[in-house]
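None of the figures in this text is laboratory data; all of them are computed from the coordinates on show. This is a predicted model, so every value here is computed, not measured. Here the Cβ is made from the backbone with ideal geometry for all residues, glycine too, and neighbour counts use every protein chain on show.
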Amino acid sequence: DAGVIQSPRHEVTEMGQEVTLRCKPISGHDYLFWYRQTMMRGLELLIYFNNNVPIDDSGMPEDRFSAKMPNASFSTLKIQPSEPRDSAVYFCASNPEGGEQYFGPGTRLTVT
Amino acid sequence: AQSVTQPDIHITVSEGASLELRCNYSYGATPYLFWYVQSPGQGLQLLLKYFSGDTLVQGIKGFEAEFKRSQSSFNLRKPSVHWSDAAEYFCAVAPPNDYKLSFGAGTTVTVRA
């Protein structure tokens, strides 16, 4: 298995632009998670899905952030408009029912 | 709400020496407990987990952790570190039967020759 796949690995954009981060979970995993990692706040859970349905989005910082999971093999995290304080590494993770979470390699986002 | 404290931000250890990383949690009941490792520029890899049962848990790469309910701790240990163990280590907790992980701030381990 290729593991959790995230794209792009690096993204540099200007403030105000829309950013879309992509994730392909491991096949057969029912749960998908989006995390953000920064020096100041550490690792934070943003949102997670179960069977493509958002279960808890209480970690989403504000309305500029949105996440979707249109099918079992794909999810997006969108930031519109982006701001410099959104600069971070964004991780996607997935796990099967009763199993451990596997993390993707992350997307390093820089907003200038 | 659950919280996780890793008191040590940075630890330096000599190759071949033992390593212990501390983790304390705050939660109303016994949560699920995890240790993850993150190498530079990489995602997180699970080292070990505790759900219930034997309080001494064996993981990958020669790591073990001990759950102590009385101290609300889940410390990670390795008897003899290798240079490849240099990384950042995260303790995490989740409510029982849930997958919402809350992470500690992490401990960076440097291994000197």
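Computed quantities for the displayed model
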item	result
Max mean-square fluctuation residue, GNM over chain B, Cα-Cα springs under 10 Å, options B:R77, B:R22, B:R69	B:R69
Protection proxy ranking, peptides A:50-57, B:26-33, A:27-34, average beta carbon neighbours within 10 Å, highest first	A:27-34, B:26-33, A:50-57
Shape of chain B, Cα gyration tensor, a/c cut at 1.5	prolate
When each of A:K24/B:K49; A:K24/B:K68; A:K78/B:K100; A:K78/B:K61; A:K78/B:K68 is checked by Cα-Cα distance, pairs over 31 Å	A:K24/B:K68; A:K78/B:K61; A:K78/B:K68
Relative contact order (%) - criterion: Cα under 8 Å, at least six apart; region: chain A	37 percent
Mean-position separation - Cα centroids, segment A:1-52 and segment A:70-112, in angstrom	1 Å
Length-normalised contact order of segment B:1-72 in % [C-alpha pairs under 8 Å, at least 6 apart]	22 percent
